[in-house]
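**Q** One structure follows; several queries about it will come next.
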Amino acid sequence: MSRNYDNRERDFDSEDEGMPAGRPAERDRRGGGRGGRFRRRKVCRFCVDKVDIIDFKDVKLLQNFIPERGKILPRRISGVCTAHQRMLAEAIKRARNIALLPYTAD
Amino acid sequence: MAENRVYEVVFIVDTDTSDEDLTRLTENLRGIVTDQGGTITKSEVMGRRQLAYKVGRKNEGVYVLFEIEGTGREIAELERRMRVSDQVLRYLTVRVDEDRRRAEKLKARRARKAAKRPFANAASAGGGRAAASSASNESRDNEA
């Protein structure tokens, strides 16, 4: 499972989205494992785009936040801010209900 | 109820229903809403789509979207009808007026903020302070 998220992180990396900036200790630990690559602080992409409503019908957008398994991507990986993560989670759950997104995927 | 509520209703129709049956069904449902005193502000067939999982042994469905303005009573009736109908595989109603109002407010606040600081430069952008305190900004830069 954690491997999924690792994949995801690498994806984000290649898309130039930056890396998570947790507490300093955490950052050091994570940095140590990955050969001292430079990591930027993540910014919430919804805040950057000034998104106020996350529509549950926007499958293309929501798909970015569900890894293969179909789970909701934690914000420590994606860098989404708390408020937007809440809206995002709600939208994903609505989309699941109406069969736009899977509850589980294998 | 002083103010009307706005709802978004999405429902999935069985792909086995013919085009005319589909229009008849949507017309029917629309009639129910208007009978109950609601108004349909948007009615859109989003089209045939693969379902993310099987619903009643179906893999595909036609998605239809209604945007309804009303008191909430017409929603109850509409949902009851959709539950009974064999052609409607699933439906989802979301109240959107509150979220939209909130979004409007945030938008207005952003506009106000932007108007307040027309000369905001890179130095003061991160601090979230008024442009008037440019002197303190400078000193902060020196420290950093």
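The values are calculated or read from the model by the stated rules, or taken from the named source; none is laboratory data. Values in this document were obtained by computation on a predicted structure and should not be read as measured data. Cβ coordinates were reconstructed from backbone atoms using ideal geometry, including for glycine residues, and neighbour counts include every protein chain displayed. Side chains are part of the model used for accessible areas, which takes the heavy atoms of the whole protein and leaves out ligands, DNA and RNA. Shrake-Rupley method; radii C 1.70, N 1.55, O 1.52, S 1.80 Å.
**Q** Go through the stretch A:63-101 and report how many residues are open to solvent by 10 Å² or more (accessible area, probe 1.4 Å), part of a loop (DSSP other than H, G, I, E, B) and touching a Cys at 6+ places or on another chain (Cβ under 8 Å).
**A** 2
**Q** Could you name every one of the strands (runs of 3 or more DSSP E) located completely within the stretch B:1-110 that has at least 1 residues being open to solvent by 50 Å² or more (accessible area, probe 1.4 Å) and facing another protein chain (nearest Cβ under 9 Å)?
**A** Once the strands (runs of 3 or more DSSP E) in the stretch B:1-110 are filtered for at least 1 residues that are open to solvent by 50 Å² or more (accessible area, probe 1.4 Å) and facing another protein chain (nearest Cβ under 9 Å), what remains is B:39-55, B:88-95.
**Q** Here is a check on your reading of the model: is A:K71 within 12 Å of chain B (Cβ to nearest Cβ) and either of a type in the set (D, E, K, R) or on the phi < 0 side of the Ramachandran plot (or both)?
**A** Working: within 12 Å of chain B (Cβ to nearest Cβ): no; either of a type in the set (D, E, K, R) or on the phi < 0 side of the Ramachandran plot (or both): yes.
So A:K71 fails the test.
**Q** Sticking with this structure for a sec: Within the stretch A:41-56, is there a residue that is within 14 Å of another protein chain (Cβ to nearest Cβ), under 16 Å from A:Y103 (Cα atoms) and either in a helix (DSSP H, G or I) or of a type in the set (K, R) (or both)?
**A** No - not one qualifying residue is present in the stretch A:41-56.
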